[in-house]
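Asks: Quick one: the structure is below, questions incoming.
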Amino acid sequence: MNFEAKLQKTFSSTSEMLEPEQFINKLTTARYAQALKRSQAISGYLALIVVLFVGILGYNELDQGAILMEEVIITAQALILTRMRTVNILMIWPFISWNRKRIFGWLFPFLMNWHMIKL
Amino acid sequence: MKTDRELIQEFQTGSDAAFNELVRRYLDLVYRFFQKITPDKMEAEDLAQTVFIKLFKALKKFRFESEFNTYLYRVNVNTANSYFKRNKWRNMLHLDQAPDTGYVETSQEKQWRKEEVWAAVGRLPKKQRLVVMMRISQALPFKDIGNILDMTEGSAKVNYHHGIKRVKLLLGNNK
């Protein structure tokens with residue numbers, strides 16, 4: 001027996017079949033699950049983009065000189081109570097608290113200087 | 001009985017029932033293809049499901065530039081190819097850990113397990129792998145293989161020749 005025939009013989013014994021209706025039901029479920037997953041992923045990305053966009057806009061508009069490095073919460077509350085842009089602060093708040101060290105470690109001093117130079 | 005073309009056209013106008021009819025018609029062919037590639041029935045069923053999900057998305061834009069049969073084979077082959085890529089390392093391990101049968105076989109007697117053969121096929125370069133896969137699992141003529149894989153009949157033969165030579169080596173049948 002030559003090599004190819006031997007190989008084909010290896011695969012000749014398989015002949016089990018699937019129940020079509022059962023398979024179609026599973027397929028429909030899988031399709032819906034995949035479509036749901038895709039739409040969830042898309043809305044997740046859109047939400048992230050909106051949050052980042054609004055956050056960045058809001059952050060640029062803050063009176064940055066008023067924020068103290070170690071007292072972000074108090075300052076933010078003070079800003080909410082006394083000053084302007086309540087909505088912006090609330091929107092970027094999760095972003096600030098999540099990235100506090102990173103932002104206030106180097107980005108904030110830089111922005112502060114920029115702010116002062118501008119003044 | 002409606003033709004494939006009619007069913008696809010119906011599906012393109014929004015009839016899911018037409019798609020289900022296509023599934024009924026080609027389920028055996030697709031499932032049999034994957035049953036030969038993997039020893040695991042669940043995996044074969046999953047792969048068949050992947051093929052039909054791909055078809056569901058792709059058929060909406062199908063332009064009838066090729067036969068549906070050929071197109072279906074191409075989807076099968078691409079899905080099998082992704083499966084091989086995914087399992088490349090696992091296949092290598094299977095090949096290295098093939099169980100010892102306890103007696104010395106001559107090359108005439110030797111029969112391989114499906115996993116061993118596919119592990120060896122999985123280690124071939126892409127073109128050779130595709131041609132060998134089509135030839136040994138479906139026993140298709142080289143002309144059809146060339147059509148499905150977008151290559152000439154001659155090129156399919158050459159790729160098959162090199163591929164099978166390497167599979168022989170990997171399976172330890174040098175005669």
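Bear in mind these aren't lab numbers, they're just calculated from the coordinates by the rules spelled out. None of these values were measured; they are calculated from a predicted model. Cβ placement follows ideal geometry from the backbone for every residue including glycine, while neighbour counts extend to all protein chains displayed.
Asks: Using a 10 Å cut-off around each Cβ of peptide A:20-29, what is the average number of partner chain Cβ atoms that fall inside?
Replies: 5
Asks: Summing +1 for each Lys or Arg and -1 for each Asp or Glu, what net charge is found among the other residues whose Cβ lies under 13 Å from the Cβ of B:THR3?
Replies: -2
Asks: Same structure, new question: Among the chymotrypsin sites (Phe, Trp or Tyr not before Pro) in the range B:1-68, which ones are in a DSSP loop with at most 11 other Cβ atoms within 10 Å of the Cβ? Mind listing them?
Replies: The qualifying sites are B:PHE64.
Asks: With r defined as the distance between the Cβ atoms of A:PHE53 and B:ASP46 and R0 fixed at 35 Å, what FRET efficiency is calculated, to the nearest 0.05?
Replies: Efficiency for this residue pair is about 0.30.
Asks: Add +1 for every Lys or Arg and -1 for every Asp or Glu among the other residues with Cβ under 15 Å from the Cβ of A:TYR32, and state the total.
Replies: So the surrounding residues net to +4.
Asks: Please compute the modelled spin-label separation between B:GLN12 and B:ARG63, points set 7 Å along Cα→Cβ, answer in nm with one decimal.
Replies: 1.1 nm
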